[in-house]
Amino acid sequence: MKSIKKSILLISVLAISLAFTSCGFGSDDGSVNDNTGNSSADNNTSDNKDNSIYYLNFKPEVAQIYEEIAKTYKQETGVTLNVVTAASGTYEQTLKSEIAKADAPAIFQINGPKGYASWKNYCADLSDTEIYQHLTDKELAIKNDDGVYGIPYVVEGYGIIYNEKIMDEYFELDTKQTDVDSVDEINNFETLSAVVEDMTANKDKLGIDGVFASTSLKSGDDWRWHTHLANIPLYYEFLENNIDLSSDSTNEIEFSKDEGFKNIFDLYINNSTVEPKILGTKQTADSMAEFALGQCAMVQNGNWAWEQINDVSGNTVNEDDIGFLPIFIGEEGEENQGIAVGTENFLAINSQVSEEKQKLASDFLYWLYSSEKGKDYVINELGFIAPFDTFSEDEKPTDPLAREVVEWIEEDDVTNIPWNFTIFPSQNFKDEFGTALLQYVQGKKEWTDVKETVVEKWKAESK
Amino acid sequence: MTDTKKRPLLFLFLILLSIVFVAPVIIVLMNSFKGQFYISSSPFDFPDEKTFAGLVNYTNGIKKIKFFSAFFYSLIITVFSVAGILFFTSMTAWYITRCKNFITTILYYMFVFSMIVPFQMVMFTMSKIANTLRLDNPLGIIAIYIGFGSGLSIFMFSGFIKSIPLEIEEAATIDGCNPIQMFFQIILPILKPTAVTVAILNTMWIWNDYLLPYLVIGNKYKTIPIAVQYLQGGYGSRDMGALMAMLVLSIIPIIIFYLSCQKHIIKGVVSGSVKG
Amino acid sequence: MQKTLKKYFAFFVLPTLTAFAVAFIIPFVMGVYLSFTEFTTVADAKWVGFSNYIKAFRDNDDFINALWFTVKFTVVSVLLINIISFLIALLLTRKIKGTNIFRTIFFMPNLIGGIVLGYIWQLIINGVLLKFGVDITFDAKYGFWGLVILMNWQMIGYMMIIYIAGIQNLPGDVLEAARIDGASGIQTLFKVTIPLLMPSITICTFLTLTNSFKMFDQNLALTGGAPGKETQMLALDIYNTFYGRIGYEGVGQAKAVIFFILVAVIAGIQLLFTRSKEVEQ
């Protein structure tokens, strides 16, 4: 018995070792020299692997859709699309470890001028690609005198999403203390805060836990504040000081509109579904679930959140009851302020992969944004408002939040706020800002300290 | 013994302590049957009519992180790496213990030295080399594990081999055995108890390892720890329900493994540590 | 025999040595070299001397903070784990019914991986703290004690088993002699049992010390460093410096070298110290 066992073990071990010598150690010869090994290693394998594109996707919420796209694309063209999605908040880390590899991503994404500065050695010139020819507004692309390096693939908008059903219930209340009768009348911070505070006073009647969904401050989930919300006061600051955003004068900020940030931020946390102290546990998904389940009336987020709201089981929000309010911070003249519309999603093609792969990559992008099947995915599954002229007037996403964004874009008498946060110095700056906000809501930091952190970290990270 | 009277109390204390040790796993199990939004708010409540979600979390989680493929990768990598480690390092250990010269002495100390080097020291360069040599796949990583695991294994095998009397080998040489025959027919059977220890220590390490496979193959091939960690932010939002279910599924194989070869594991861990 | 063996070097040593070179020797040497350079991939490394080492301490306090946090964590964990597991081992060697079952249960957590452990305890600790309206990210001290509890839960069973083996191997006659001489239980414990158990104590402190000092997975899963980077231990700080910030690869590598030296020194001192105690008695 024992000897049988032993011999089986021995045989399997030998079989394994054989497998090693053929596949593991066999490839050792000569390529240990890593510094120069890169290109030759690429050529070696390009024969059998040529037909694949490696796409490092930024948006975790649509990761599964890209897998379907990959299947379709394989059927259509025979080209394999490998989509790898970085976990939220780890895109730069993943990109960094992946791009150094022999089989590096062919398509990746940069988040704006700052991203381009970090990755410029890897960004191929895209000015001759078909996809760039079809970009509606060429000014949106990341470019310099030499070429085009990043092409925006989606236009997005964010603001305060509200549930009209709950708002209307409030407007009907007999205990209502304000004289606001519809959401359209909310056009500045003063009105907004009056309505919100009165709603909080009546929250039992409205059947909600709070007006705003929880302000998620868990690290990695705090981007709605340190990035999106911060964009609004900084937009006004840059405007007031006439700052040229492409110049060095953005190396320092005053954060002069910090009171505006504080106004709206305090309103969020003091009229929320939860106590400020536990906001550090909250994630974006929690906020969206609260909104979907009708536990709150408002949440700050963008049109990409529709999927999340819609996916919550027990979702009570009706498609027609959902809309955007601008994020008012108490700035003068904000009556005409719109929502924040822009993009931080620029596609780049890796200049370090072989010419053929670059071509495959740009072919895929063109297919996705111009073919019938590709466009169908873009509009109906990804829900992107794509800035390309290959999309006709009626080829717009059908989800309610995207439709709202399109409406805001087409509105003539409002000024939508651009996404200036693409020039925020670094992820590290944002993380420090997020931490400071968390400590502020926990009562461990004064507001002046938060302001100081923002100003100092901005300067330090802009070096 | 003087404390016979305290026995029932002691016994009770140990039972309480056992409950403390098992409770965390039970709580996770309990929560894995609750709807995902009821978990973080009240983790200690039993599922009730409102919160009970059946197997939804399991089906969701399995689909999301492709649990079975993760399980498969974990299994393949662990089994083959451990087999490879046993096979190659036992040979090497015997050779460098028996054939003492300048080179083998240096080698021995290098293997021992590698045991104290933290992984962070080589995390980038190793994954870079693995990538250049095309070892960044579930088969290639086995070679990496053999290399990185060889320190401890050689150390343990050597310790044991030193205690084997030379006479056995001398007798075999006289009988006309060449070293290869001698190793496989005579030495390897003697090494069995140490091999069990080495196998267990390496299994525990490789099965649970996160950072090494994450950096080397993690974006394309996810082992169980990588898949669990990826649930955190890899799908836009963290699904607490799926997380709980996947925690349960990743613990089950461990418990089965543990209960089925408990004696060996405990013995192996003891003898492993005595030499470590 | 030595002579015949020599010819078989390629067969017996080369496979392991190749794997070892690929997985350890070359990466280690490259790692030391890269800590003196600025690089993003390996090919573009530029020699910068010690500036990465200076930056590791000067640029921000992350490294120093992580170092302190790790030291505090290690000291507390090593003490608690060893004391508790030693006491349990004493209890379990008293021939109580069901010893084996208890041993099985206490050891079980040790087999669960760090990532999974981290999420298990995150659920439980947050569940408790939520009753007080806070969570583990509220204050670094929650994260600290959370990590200590986790580490205890994981390591106690392991250490207990080593202590049990040690206690079971104690020479019965010595204990008997102590009892006959009229030594009290406490006296026997401190004067006889503990000195005789020094080898086990050496092993256990060594294992808990290095495991606590090098902890990564549990740290990543339980707190991820939150709040801010206050509960970030050395291994996690190095990882985040390396992969989290562009242009800081060299600094991350330099931190890793310092980390390695620290581990080596601690391991060395600890072994020397306890080994010398063993010899004394």
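The mean number of partner chain beta-carbon atoms within 10 angstrom of a residue's beta-carbon across peptide B:16-29 is 4. Between C:Lys97 and B:Asp45, the modelled label-to-label distance comes to 3.9 nm, taking each label 7 Å out from Cα in the direction of the beta carbon. In chain C, the DSSP-assigned H stretches of four residues or longer account for a calculated mean residue ellipticity at 222 nm of -22000 deg cm²/dmol, using -39500 (n - 2.57) per stretch and the full residue count as denominator.
Label-to-label distance, B:Phe257 versus C:Asn60, with points set 7 angstrom from Cα along the beta-carbon direction: 3.7 nm. Checking every one of the chymotrypsin sites (Phe, Trp or Tyr not before Pro) in the range A:109-194 against DSSP loop status and a limit of 16 other Cβ atoms within 10 Å picks out no site at all. For the range A:80-89, the Karplus equation 6.51 cos²θ - 1.76 cosθ + 1.60, evaluated at θ = phi - 60°, returns couplings of 7, 10, 9, 9, 10, 10, 7, 4, 4, x Hz by residue, with Gly and Pro reported as x.
Quick one: grab the alpha carbon gyration tensor of the range C:21-178, order the square roots of its eigenvalues as a ≥ b ≥ c, and give me rounded if a/c is under 1.5, else prolate or oblate depending on whether a/b is larger than b/c. Because a/c hits 1.5 or more and a/b exceeds b/c, the range C:21-178 counts as prolate.
Here are some pairs, A:Lys59/C:Lys131; A:Lys277/A:Lys430; A:Lys96/A:Lys430; A:Lys396/A:Lys430; which of them have Cα atoms lying more than 23 Å apart in this structure? Listed pairs above 23 Å: A:Lys59/C:Lys131; A:Lys396/A:Lys430.
Using every pair of separate Cα atoms, the Kirkwood estimate puts the hydrodynamic radius of chain A at 24.4 angstrom. Near A:Ser88, within a Cβ-to-Cβ distance under 15 Å, what is the net charge of the other residues, with Lys and Arg +1 and Asp and Glu -1? Net charge in that neighbourhood comes out at -2. Neighbouring Cβ atoms from other chains, within 10 Å of the Cβ of residues in C:255-261, number 4 on average. Put in order of Cβ neighbour count within 10 Å, fewest first, the listed residues B:Leu12, C:Leu117 become B:Leu12, C:Leu117. The angle between the Cα long axis of helix A:258-270 and the longest principal axis of the Cα atoms of chain A comes to about 90 degrees, rounded to the nearest 10. Once backbone amide H atoms are built at 1.01 Å from N, A:Ile161 has A:Val299, A:Gln300, A:Asn301, A:Leu325 as its partners under 5 Å, excluding neighbours fewer than 5 places away on the same chain.
What the Cβ-Cβ distance of C:Ile194 and B:Ile168 gives, at R0 = 51 Å and to the nearest 0.05, is a FRET efficiency of 0.85. The C-alpha atoms of chain B define a longest principal axis, and helix B:262-275 lies at about 50 degrees to it.
Summarising the amide proton neighbourhood of A:Val83: residues at separation of 5 or more, or on other chains, whose placed amide H is nearer than 5 Å comprise A:Tyr55. Couplings 3J(HN,Hα) for the range A:449-463, derived from phi with the Karplus relation 6.51 cos²θ - 1.76 cosθ + 1.60 (θ = phi - 60°), are 5, 4, 4, 4, 4, 4, 5, 5, 5, 4, 5, 4, 7, 8, 4 Hz, where x marks Gly and Pro. For chain C, excluding the exposed loop sites themselves (chymotrypsin sites (Phe, Trp or Tyr not before Pro), DSSP loop, at most 15 other Cβ atoms within 10 Å), the longest remaining stretch covers C:133-281.
Quick one: grab the alpha carbon gyration tensor of the range A:316-428, order the square roots of its eigenvalues as a ≥ b ≥ c, and give me rounded if a/c is under 1.5, else prolate or oblate depending on whether a/b is larger than b/c. Oblate is the answer for the range A:316-428, as a/c is 1.5 or above yet b/c matches or exceeds a/b.
A simple spin-label model places the labels of C:Leu272 and A:Lys120 5.1 nm from each other, with each point 7 Å out along Cα-to-Cβ.
Residues whose amide H falls under 5 Å from that of A:Tyr149, counting only those 5 or more places apart or on a different chain, are A:Leu126, A:Ile142, A:Lys143, A:Asn144, with hydrogens built in the peptide plane.
For the residues of C:149-157, the average number of beta carbons from a partner chain within 10 Å of their own beta carbon is 1.
Only Cα pairs under 8 Å and 6+ residues apart enter the sum, and on that basis the relative contact order of the range B:55-272 stands at 35 percent. If R0 is 51 Å, the Cβ-Cβ spacing of C:Glu176 and B:Phe68 corresponds to a FRET efficiency of close to 0.35.
Each residue of the range B:148-161 is assigned a 3J(HN,Hα), and the resulting list reads 6, x, 5, x, 4, 5, 5, 4, 6, 4, 4, x, 6, 4 Hz, derived from the Karplus form 6.51 cos²θ - 1.76 cosθ + 1.60 (θ = phi - 60°), x at Gly and Pro.
For the range C:99-141, applying the loop criterion from DSSP together with a ceiling of 15 other beta carbons within 10 Å to the trypsin sites (Lys or Arg not before Pro) yields C:Lys131. Based on C-alpha pairs under 8 angstrom that are at least 6 apart in sequence, chain A has a relative contact order of 22 percent.
Counting lysine pairs in the range B:1-66 that sit 8 or more residues apart in sequence, or on different chains, and whose Cα atoms lie under 23 Å apart gives 4.
Local charge sum around B:Ile187 (other residues, Cβ-Cβ under 10 Å, Lys/Arg +1, Asp/Glu -1)?
Values: positive: B:Arg98; negative: B:Glu169.
Residues close to B:Ile187 contribute a combined charge of 0.
Here r is the Cβ-Cβ distance between A:Thr191 and A:Asp146 and R0 is 45 Å; the resulting FRET efficiency, rounded to 0.05, is 0.40.
Values quoted throughout were computed directly from the atomic coordinates according to the rules given, and no laboratory measurement underlies them. Because the structure is predicted, anything quoted here is derived from the model rather than measured. Glycine gets a Cβ as well: all are built from the backbone with ideal geometry, and neighbour counts include every protein chain shown.
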